[in-house]
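Undergrad: This is the structure, below, for whatever I ask next.
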Ligand code: ATP
Ligand code: LTN
């Protein structure tokens, strides 16, 4: 690692990713990895906060590793690893738990949201989720964290915990900044444009998965909920059309003004097909590339193992510092 700043981000292997994850997270990772020392994790421990089928989770870990690579994460520049392979994450989370208060966690939007959706399994991990995320970030002396807008509150807690620890025990952690790209920070559901597009939505028509083929993508866009007039403009009264325009602009690089001008006088039908086409053109090659990586599990295992070795060295540097500061006796190796 050279002296560039550290960038850290992670994604949960909780299902096949959507174009929301791609635009809000993955796409930015590739762009940023030249200017930063990128560290990218598969947040498998986080995923356990919602009930998983073990065989499906295991498959999803490989799916996500392959997708990271297919989206252009270059392991000669960046570190790619699974969170559970570096036990320092769970260890630092324990220490941070001792300076975090239940009130800070119970008021988190995602906790409240997921508690409603998983009423039968409101577990301690679900509430503690942001503390583990803070540990992920702070272990690497991270300066930049690219995420979608939904993670802003969690990131704020990571900053608070870093500052609190530094005040209590002396300068230990860098205080991270978020990187939330405006145009694609929050892609909304195709079935209900007032809700975030989410890979765990029970309605398969609500999201475009990175595994969908062209026909499926166009069919889902054709069904996307819009309003009754026929104007293709961005407006708070037109959340459905605004969302489709955001997606179109994010995939083409056009501004809203340019896209609105382009679609002036056209109907919703043509517009929806055009959105579907630009999305399919972009994600089709990624899906094919991902499938190539997936067919070589041995290669994926070796990438993750090398990544964990590199991550572990950095992580234990910080963890040892933390253990010393709080008064633990370091093991003599
Ligand atoms: P789940 O449905 O399992 O809660 P999710 O689809 O919300 O998951 P995460 O794994 O929590 O996805 O998020 C991975 C990354 O993708 C995060 O940086 C998150 O902010 C971003 N992200 C998720 N959904 C969207 C979205 N609809 N628009 C933009 N970014 C998103
Ligand atoms: N909570 C994030 C995933 C995540 C993460 C992180 C993101 C876990 N650890 C550290 C950035 C930095 C999510 O669900 N989107």
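The values are calculated or read from the model by the stated rules, or taken from the named source; none is laboratory data. If you're wondering where the values come from, they're calculated on a predicted model, not measured in any experiment. All Cβ positions, glycine included, derive from the backbone under ideal geometry; neighbour counts span all protein chains shown.
Undergrad: Could you check the range 1-24 and list, in sequence order, the residues that are in a helix (DSSP H, G or I) and modelled with pLDDT of 90 or more?
TA: Within the range 1-24, 19, 20, 21, 22, 23 meet the criteria.
Undergrad: Now for a different question. Which count do you get for residues in the range 199-229 that are more than 15 Å from residue 251 (Cβ to Cβ) and assigned to a helix (DSSP H, G or I)?
TA: 8
Undergrad: Can you give me the number of residues within the range 158-174 that are free of Cβ contacts under 8 Å to residues at least 60 places away in the same chain and over 19 Å from residue 38 (Cβ atoms)?
TA: 7
Undergrad: Inside the range 78-193, counting only helices (runs of 4 or more DSSP H) that do not spill past its ends, which hold 2 or more residues that are surrounded by 17 or more Cβ atoms within 10 Å (Cβ to Cβ), modelled with pLDDT of 95 or more and more than 20 Å from the chain's Cα centre (by Cα)?
TA: Once the helices (runs of 4 or more DSSP H) in the range 78-193 are filtered for at least 2 residues that are surrounded by 17 or more Cβ atoms within 10 Å (Cβ to Cβ), modelled with pLDDT of 95 or more and more than 20 Å from the chain's Cα centre (by Cα), what remains is 88-97, 152-169.
Undergrad: Find the residue count for the range 230-266, including only residues that are over 19 Å from residue 280 (Cα atoms), free of Cβ contacts under 8 Å to residues at least 24 places away in the same chain and not in a helix (DSSP H, G or I).
TA: 7
Undergrad: Read through the list (1) without any contact (Cβ under 8 Å) to a residue 40 or more places away in the chain; (2) under 30 Å from residue 160 (Cβ atoms); (3) within 16 Å of ligand 2 (Cβ to nearest atom), then give the number of the only condition that residue 201 fails.
TA: (2)
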